[in-house]
Amino acid sequence: MNAELLSVGTELLLGEILNTDAQFLAEELSLLGINVYYQTVVGDNRTRLKQALELALERADIVIASGGLGPTPDDLTKEVIAECMGEQLALHEESLANIIAYHQKIGKRMPQSNKKQALLPEHGIVLPNHNGTAPGCIIEKNGKIVVMLPGPPNELKPMFLESVKPFLMKKSDDVLYSETLKIFGIGESKVAELLQDIMENSKNPTLAPYAETCGMRLRLTAKCRDAEEGRTLVLPVKEKIKGIIGKYIYCEEEKGLPEVVVRMLLERKLTISAAESCTGGMFCKMITDMAGVSAILNESFVTYANTAKMNYLGVKAETLEQFGAVSEQTAREMAQGVCKATGADVGVGITGIAGPDGGTEEKPVGLVYVGVCVGGHVSVQELRLVGNRDKIRYSACLYAFDCIRQKLISNNT
């Protein structure tokens, strides 16, 4: 079966509201094994709405319309759907009672305009709204299914999960089972190159790479009868992938790289301190954005000036003079120095040129060194990052987290 999403509202066309409804519905439908080939956004105009609905009914088995179920004259979704499906609108007494009760609950008298929301297709399946006033409805007729849902996400999501999803599950023989591999430190094109044979020859499950701000993800999706069969289909393909790019896979859950590394430190009961130059405290902020990190982070330093690197971290003056602040040697001494200064188990030193100025031919903008010290052993990674100042700093922090992850794994710490 295939579905089309029809999002109604001029505010969506104008960009005043982000269309999170379509994202939610598309994800949910994919889990049911229902393909979504088209998503349409249309304003509050009867003629254009009718044209969009008629086109959707031509090319999809299921049309899910969201928005336009309010009490005002420009809320036209229900009326247009009823017209296209050959349905008459009639007063649904139970829905009217629910709307009245809703207003009483919030201490207000129901405006007469809200009575419009209780006018529903005579042969539709009414979907109660436990979080607002507009009921939804399902019409199944002439081999087509049309679902109308309210636009506010806090109303649409529970209505879909409570009423629409169980209805659609009975219509679909297969489900889609997905697992995700989160990847960092290798580009999407390189992943596609290394996994080309698997991506071309694996039909069930299929593989799809997606670029993200924090690296990328690889989604494995199997069409199956149930989750148990899906896991059986996905497992051997996932193991093949791990054998090729395993060192770049940092997580198999919906978690970001900083969260994964913080969890590793918490599980190992290891403390961490950082000495940051070009990132200016961003690395530590990314740690403290998570709850419970006082167990691993006591103190850190922002050592922007050379004097600060020497005074607080013990970076040697001759190191700075001979190699410069942005160098492998300085990053090494920063990581060692912050461990010595704080007594932390893990020390991180980040130094680089974030731009837009300050670069030279020898040391261009985007050159960053990340030092990681664990148990007195230091490793340093040289990075050549691209982008504006914010992106370079953000990327440097992510690479610092990945350096910690790799070192903890290699040291079996």
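The values are calculated or read from the model by the stated rules, or taken from the named source; none is laboratory data. Computed from a predicted model, the values in this text were never measured in an experiment. Quick reminder, even Gly has a Cβ in these numbers, built from the backbone with ideal geometry, and neighbours come from all protein chains shown. For accessibility, only protein heavy atoms count, side chains too; no ligands or nucleic acids. Shrake-Rupley method; radii C 1.70, N 1.55, O 1.52, S 1.80 Å.
Restricting attention to the stretch 31-47 and to residues that are in contact with a Ser or Thr (Cβ under 7 Å, 6 or more places away or on another chain) and assigned to a loop (DSSP other than H, G, I, E, B), the residue that is surrounded by the most Cβ atoms within 10 Å (Cβ to Cβ) turns out to be Ile34. Considering the stretch 57-80, and only residues there that are closer than 24 Å to Leu161 by Cα and acidic (Asp, Glu), the residue that is surrounded by the most Cβ atoms within 10 Å (Cβ to Cβ) turns out to be Asp75.
For the stretch 62-92, the set of residues classified as in a helix (DSSP H, G or I) and among the charged types (D, E, K, R) consists of Lys78, Glu79, Glu83, listed by residue number.
Within the stretch 353-378, work out how many residues are out of contact with any Phe, Trp or Tyr (no Cβ under 8 Å at 6 or more places or on another chain), open to solvent by less than 50 Å² (accessible area, probe 1.4 Å) and within 19 Å of Ala325 (Cα to Cα).
The initial filter retains those residues of the stretch 353-378 that are out of contact with any Phe, Trp or Tyr (no Cβ under 8 Å at 6 or more places or on another chain), namely 353-367, 369, 371-378.
Applying the additional criterion that residues be open to solvent by less than 50 Å² (accessible area, probe 1.4 Å) yields 353-355, 359, 363-364, 366-367, 369, 371-374, 378.
Pick out the ones that are also within 19 Å of Ala325 (Cα to Cα) and you get 353-355, 359, 363-364, 366-367, 369, 371-373, 378.
The total comes to 13.
So which of Leu5, Leu25 ends up being under 17 Å from the mean Cα position of the chain (by Cα), over 11 Å from Thr77 (Cα atoms) and in contact (Cβ under 8 Å) with a residue 60 or more places away in the chain? Steps first, answer last, please.
On the way: Leu5 fails: under 17 Å from the mean Cα position of the chain (by Cα).
One residue alone meets the criteria, Leu25.
Has the stretch 386-396 got any residue that is open to solvent by less than 80 Å² (accessible area, probe 1.4 Å) and either among the β-branched types (Val, Ile, Thr) or touching a His at 6+ places or on another chain (Cβ under 7 Å) (or both)? There is at least one residue in the stretch 386-396 that is open to solvent by less than 80 Å² (accessible area, probe 1.4 Å) and either among the β-branched types (Val, Ile, Thr) or touching a His at 6+ places or on another chain (Cβ under 7 Å) (or both). The number of residues in the stretch 210-228 that are open to solvent by 50 Å² or more (accessible area, probe 1.4 Å) and more than 15 Å from Met199 (Cβ to Cβ) comes to 7. Can you tell which of Met110, Met148 is over 27 Å from the mean Cα position of the chain (by Cα) and of a type outside the set (Ser, Thr, Tyr)? Selected residue: Met110, the only one of Met110, Met148 that is over 27 Å from the mean Cα position of the chain (by Cα) and of a type outside the set (Ser, Thr, Tyr).
Selection of the stretch 1-12 for residues being at pLDDT 95 or above and of a type in the set (A, V, I, L, M, F, W, C) yields Ala3, Leu5, Leu6, Val8, Leu12. Looking only at the stretch 278-291, filter to residues that are assigned to a loop (DSSP other than H, G, I, E, B) and over 14 Å from Val261 (Cβ atoms); which one of those is modelled with the lowest pLDDT? Restricting to residues being assigned to a loop (DSSP other than H, G, I, E, B) and over 14 Å from Val261 (Cβ atoms), the top hit is Ala291. A single entry from Glu94, Glu140 fulfils the requirement of being acidic (Asp, Glu) and under 21 Å from Lys171 (Cα atoms): Glu140. Of everything in the stretch 128-141 that's in a loop (DSSP other than H, G, I, E, B) and touching a residue at least 40 places away in the same chain (Cβ under 8 Å), which residue is surrounded by the fewest Cβ atoms within 10 Å (Cβ to Cβ)? Among residues in the stretch 128-141 that are in a loop (DSSP other than H, G, I, E, B) and touching a residue at least 40 places away in the same chain (Cβ under 8 Å), the one surrounded by the fewest Cβ atoms within 10 Å (Cβ to Cβ) is Thr133.
Can you tell me which of Glu54, Glu28, Glu11, Glu16 is crowded, with 16+ Cβ neighbours inside 10 Å, out of contact with any Pro (no Cβ under 8 Å at 6 or more places or on another chain) and of a type in the set (Asp, Glu)? It would help to see each step written out before you state the result.
On the way: Glu54 fails: crowded, with 16+ Cβ neighbours inside 10 Å; Glu11 fails: crowded, with 16+ Cβ neighbours inside 10 Å; Glu16 fails: crowded, with 16+ Cβ neighbours inside 10 Å.
On inspection, the qualifying residue turns out to be Glu28.
Of all the listed residues (Lys182, Lys171, Lys157), the sole one being basic (Lys, Arg) and over 24 Å from the mean Cα position of the chain (by Cα) is Lys171.
Cβ separations smaller than 8 Å between residues 6+ apart or across chains give the following pairs from the stretch 303-323 residues that are within 19 Å of Gly281 (Cα to Cα) and outside any helix (DSSP H, G or I) to residues that are open to solvent by 100 Å² or more (accessible area, probe 1.4 Å) and aromatic (Phe, Trp, Tyr): Thr303/Tyr312. Just so you know, in the stretch 143-201 the residues that are of a type in the set (Gly, Ala, Ser) and outside any loop (DSSP other than H, G, I, E, B) include one that is most open to solvent (accessible area, probe 1.4 Å), and it is Ser189.
Do we have Glu28 as touching a Phe, Trp or Tyr at 6+ places or on another chain (Cβ under 7 Å) and either aliphatic (A, V, I, L, M) or over 15 Å from Val80 (Cβ atoms) (or both) here? It would help to see each step written out before you state the result.
Numbers: touching a Phe, Trp or Tyr at 6+ places or on another chain (Cβ under 7 Å): yes; either aliphatic (A, V, I, L, M) or over 15 Å from Val80 (Cβ atoms) (or both): yes.
Against the criterion (touching a Phe, Trp or Tyr at 6+ places or on another chain (Cβ under 7 Å) and either aliphatic (A, V, I, L, M) or over 15 Å from Val80 (Cβ atoms) (or both)), Glu28 qualifies.
Of the residues in the stretch 129-152, not one is under 30 Å from Ile244 (Cα atoms) and not aromatic (Phe, Trp, Tyr).
Pick from Ser95, Ser113: which is part of a helix (DSSP H, G or I), open to solvent by less than 30 Å² (accessible area, probe 1.4 Å) and out of contact with any Phe, Trp or Tyr (no Cβ under 8 Å at 6 or more places or on another chain)?
Working: Ser113 fails: open to solvent by less than 30 Å² (accessible area, probe 1.4 Å).
None of the others qualify; the one that does is Ser95.
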